[in-house]
Structures are given as C-alpha cells and as structure tokens.
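The values are calculated or read from the model by the stated rules, or taken from the named source; none is laboratory data. Nothing here was measured: the structure is a model prediction, and the numbers come from that model. Don't worry about glycine lacking a Cβ; one is built from the backbone with ideal geometry, like all the others, and counts go over all protein chains shown.
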Amino acid sequence: MSTFYEDSHMRRLAKLAAFMSLIVVFSVLVSRTAVATTVQNAASPSGTPPVMSALGQAQPAAGDSQQSGLKSFFNAVSASLSRTVGAVGPTITKEVVLAEGIVADPISIVRADDGGFLITGSEPGFGHHGHAIRADADGKIKWHYVSSLLDPAWDLSAAPQYFAAVGMPDGDTFLCGALPRHDAGFRSSIAGHEHFYGLITHLDKDGKLIKEQLFKPHGDEQSYGASRFTSCKRSGNGIIAVGTTILRRPNPAAPAGPPFLITFFYWFATFNADGQLQWEKLEPVSNSLVGSPDYMSPLQELDDHGFVLAAASTPLNGPRTEILHIGPNGKIIAETHFDGMFLVLVQPTGQGSAVQLISNTTDSATLITLDGNLRETRRMTKNLTPGLIKAAYRLPDQSLLLFGRDHPPNFSSLYKASVTKLDSDLQNEGHLVMPWTRAAHSLWIVDAAPTATSEEFAAVRVIQRSDGTELAKLGLDFISTK
C-alpha cells in the first residue's frame, strides 16, 4: 500500500531507538550492509535530462547455502510472537526471512503472474536508496535490484524512492517512484516542498535494468515542483501510474506575499510495454485538502477497465478523504469525498465493482460501500478497535481482512503487528497479534497481497531486536484466513 507519508514520526523514533541499541555492533553492520547493497556504480549524468539509464544493477539471488545461513528468527520465537484471539481467524502458516541488517522501510508488495511477489522499499545507508525484491511463491529471492540513481548536486539524501511495482506478462517489472533533484531557488522559496521528479524504472525478467526515466507533468521542469508516482497498475498492454505534483506560479502580490502561488494536483500517466509515455492528465486536489494527501491507495480496477483511487489527508480542520473514478482514458467519471473521515480503500479479491472504504480510528470501524458512480449504497459502524490499517482486502464471502498494527495503550508501549478478520457485518472473526517481547519488536505489517493459494496472504513486516544481539530482519509472513 502506498502510505508514503504515514507514520513518519513513529518510524523515525523506532529507527533512532534501533540505531542507539546497535552502535555496539557498528562494524558488523557496515560490513554486512556493504555486501548486501553492492551494485554497479555508474556515474550520474550531469544536468536534468528527461531520460536516465544504465544506473543500477540487480543483485543475484542468494544460493541455497546462503539462504540457509540466514537464521529464521521468526521460527525461533514464533510461539511467543503470535497468537490468535477468537474461535476462528487468521493464522501464520509460514515465515520467511528476506533480509537482515539495518532493514529500511518496505513500502509495498504485489503478487506477480507466476505466483511470486514484488516488494519495494528502501535500502540501508544515507539516502535509503530505492530497491525492489522479486521473490518466488515460497519467498525465496530471485533477484534484488538497488538503484544507484543520484543527483550529483545533492548529498546522498537525494536518493530515489520506489512506492509501487507492476509485474508484466513477459516477466518484466516496472517500478514507480520519485527522485529528489537539486533546485536551490525552488527549495528556498517554498519551505517543505522539495523538488521531485516522477521516476519510472523498467527491469527485465532477471531484474536487469532496461531504462530509468524521469518525468515532470507535460515536460515542464520549471513550473512543477514535487512530482511523484505513488501507485501503478497494469493497464492494457502497459501500465497506469498515479501520483501528485505541485504547480508553482509567480505571485503578483510579491514581495508583500509569498513569491509563488501553489496548486496541488493528482497526476495520472500511462506507459506502453516499452515504457514510453502515452498520455498524462492532471486533476486538482480538493481545496479542503491542505497540501498533498497523507495517504493514497493502490488503484482498484473496475469492470469498465477504469480505476478507483482514494486519497486522505488530515489538515487542521480535520480529516478528509477523496475518491475518484478514473476512466481508461484518464477522464474523471465520478468523484466524491467524506469530511471528518480518514478512509482506506478495501481491495477486492473476487469479482464485482463495488467500492468499499473502511475508517481508520481508535475506537470504532465504519465500512462505506459505493457503486461505480461513487454513490453511497450502505454504511455500517461497529464499536471495535481494528488498529491502524495499512492494507485492507475483501474476500469472496464479503468478509474483510485488515493488516496493520494495534494501537498502543500509551506512548510507552510499542506497536504490535496485527491481522483482523471481520465478517460482512463487521463482527470480529479473529485477531492475530504479533506482540513485542524483550527479544524482538514486531512493529507493524507494512503491506500484504493475496497469494496463489485460496484465502492466503503474504504480509511484509519488519522485526527489530531490542537487546542488540540480533540485527533487524525483513520478513514475509504467509497467513491463512480459513
């Protein structure tokens, strides 16, 4: 799920705590990180061209001996880490360690055509370089791509970010994200809005780079500022990417006022199977949304081959969620909004074009159902605490599966990764929690995707040790909902 702004404060606190506890093993971390992130370092081109290529290399999959050398931390402590509350409900059937070290933030997971998975995130080190992992259906890594695309005018903090991935029928992969660029005039004039380019990376079936491209809306590098692709999905023979951008225009009232006037837009673009831009369109973000959204959902495809997007924000006047129905040609077919509610889009696993959204509160859950024209057809509210929802799915029997974390009772408690199953009437059918112990912090599930097995999901999460004896691990939990 593309929650690229969520939890930024808590993530920073968690990382700071982990860093302080791991100082004693700094030399070990450096050596392991160097091995884990070795890539071909090509020189970054000068200037800001519209296309950049040959700037990254896939890391070969680890051999069987190397895989067996990774201790299955999950298996060792699974008895104390997980429990299911309720007569029936989600259970962990298998746990796989994908990586260990200073594991940076994973962001999304999707299932590929062969039943495997594509995981995006960021690599350790200054800048947290964008990366992608291709794993098979059992969680074994097939390839690991780390981008070395950097702006030479910035320090290493200006590294690419990948928010989503799309697997193609021929085995190729597209990664969607953003790259910060150097623009001193822009950054000094608009505090807090960095200069980003939309980033599309095309990899072959072995994870080798085909090309990397930078985009600004309509090719206008001067007028548009923070531009990023936060979600993408297969569309026709290519892909559709969606994100946000900022249009800056000179302020006639300057110098009495700010030098620029700012307008926020949703940004839609399609690319063919070779990565060539087909069309792009901009849609203004509602004036009630202050700035770019805090949350943008993955795209949900409807029966008309269009897509639904949900975007939520929490400005000072309270939360607001906007929902857009986008036609296959980029035309906005319908749009609606909900004031006072931060809603997460529920992804379907079966047939049907019903659009469902669920609230993200601490004391209740509200499920809203819309038709294809985004007219509300049903609303239910129940007093329960699903926790912070990072990904939500609707099963064929209309029950819901919610992935995320439990809310801590107070600020001294750490978050617990959790999975909640609700029936179609929002009755709790089971709650799987993965609490922290003295040995391990199971902070949250970042995202989840259905596997090729009926009623099974793969969830990606990070485990951090509290005693400094083990390194943080990136894990894949296979969870059955039967």
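Looking only at residues of the range 93-124 that are in a loop (DSSP other than H, G, I, E, B) and not aliphatic (A, V, I, L, M), we find that the one that is modelled with the lowest pLDDT is PRO124.
Total residues in the range 146-177 satisfying the condition of being modelled with pLDDT of 90 or more and under 17 Å from the mean Cα position of the chain (by Cα): the figure is 11.
Restricting attention to the range 134-149, the residues that are part of a strand (DSSP E or B) and farther than 14 Å from ALA459 by Cα add up to 8.
In the set (1) more than 21 Å from LEU426 (Cα to Cα); (2) surrounded by 19 or more Cβ atoms within 10 Å (Cβ to Cβ); (3) modelled with pLDDT of 90 or more; (4) in contact with a Ser or Thr (Cβ under 9 Å, 6 or more places away or on another chain), ILE326 fails one condition alone, (4).
Look at PHE268 and say whether it is among the aromatic types (Phe, Trp, Tyr), in contact (Cβ under 8 Å) with a residue 40 or more places away in the chain and closer than 24 Å to GLU376 by Cβ. Judged against the criteria, PHE268 is not a match. Can you find, within the range 286-298, the residue that is surrounded by the fewest Cβ atoms within 10 Å (Cβ to Cβ) among those that are outside any strand (DSSP E or B) and modelled with pLDDT of 85 or more? If we take residues in the range 286-298 being outside any strand (DSSP E or B) and modelled with pLDDT of 85 or more, then PRO298 is surrounded by the fewest Cβ atoms within 10 Å (Cβ to Cβ).
Taken over the range 305-355, residues that are outside any loop (DSSP other than H, G, I, E, B) and of a type in the set (Phe, Trp, Tyr) amount to 2. Checked against the criterion of being modelled with pLDDT of 90 or more and surrounded by 22 or more Cβ atoms within 10 Å (Cβ to Cβ), the candidates ILE463, ILE479, ILE445 yield just one match: ILE479.
The criterion of being crowded, with 17+ Cβ neighbours inside 10 Å, within 20 Å of ALA392 (Cα to Cα) and touching a residue at least 40 places away in the same chain (Cβ under 8 Å) does not hold for MET341.
Listed by first and then second residue, the pairs linking a residue in the range 248-264 that is farther than 17 Å from GLY225 by Cβ to a residue that is polar (S, T, N, Q) and not in a strand (DSSP E or B), with Cβ atoms under 7 Å apart and 6 or more places separating them unless they lie on different chains, are GLY257/ASN251.
Quick grid of which residues meet (1) modelled with pLDDT of 90 or more; (2) under 23 Å from GLY177 (Cβ atoms); (3) over 21 Å from the mean Cα position of the chain (by Cα):
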| position | (1), (2), (3) |
| --- | --- |
| GLN300 | yes, yes, no |
| HIS305 | no, no, yes |
| VAL308 | yes, yes, no |
| SER313 | no, yes, no |
| ASN317 | no, no, yes |
| ARG320 | no, no, no |
| GLY330 | no, yes, yes |
| ILE333 | yes, no, yes |
| HIS337 | yes, no, yes |
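Annotation note: of GLU221, GLU212, the sole residue that is touching a Pro at 6+ places or on another chain (Cβ under 9 Å), assigned to a strand (DSSP E or B) and among the charged types (D, E, K, R) is GLU212.
Among the residues of the range 125-137, is any surrounded by fewer than 16 Cβ atoms within 10 Å (Cβ to Cβ) and modelled with pLDDT of 75 or more? Yes.
In summary, PRO408 fulfils each of the numbered conditions (1) surrounded by fewer than 17 Cβ atoms within 10 Å (Cβ to Cβ); (2) modelled with pLDDT of 85 or more; (3) in contact with a Phe, Trp or Tyr (Cβ under 7 Å, 6 or more places away or on another chain); (4) not acidic (Asp, Glu) with the single exception of condition (2).
Checking the structure you have, find out if any residue of the range 255-269 is surrounded by fewer than 19 Cβ atoms within 10 Å (Cβ to Cβ), under 26 Å from VAL308 (Cβ atoms) and under 23 Å from the mean Cα position of the chain (by Cα). No, there is no match, as no residue in the range 255-269 is surrounded by fewer than 19 Cβ atoms within 10 Å (Cβ to Cβ), under 26 Å from VAL308 (Cβ atoms) and under 23 Å from the mean Cα position of the chain (by Cα).
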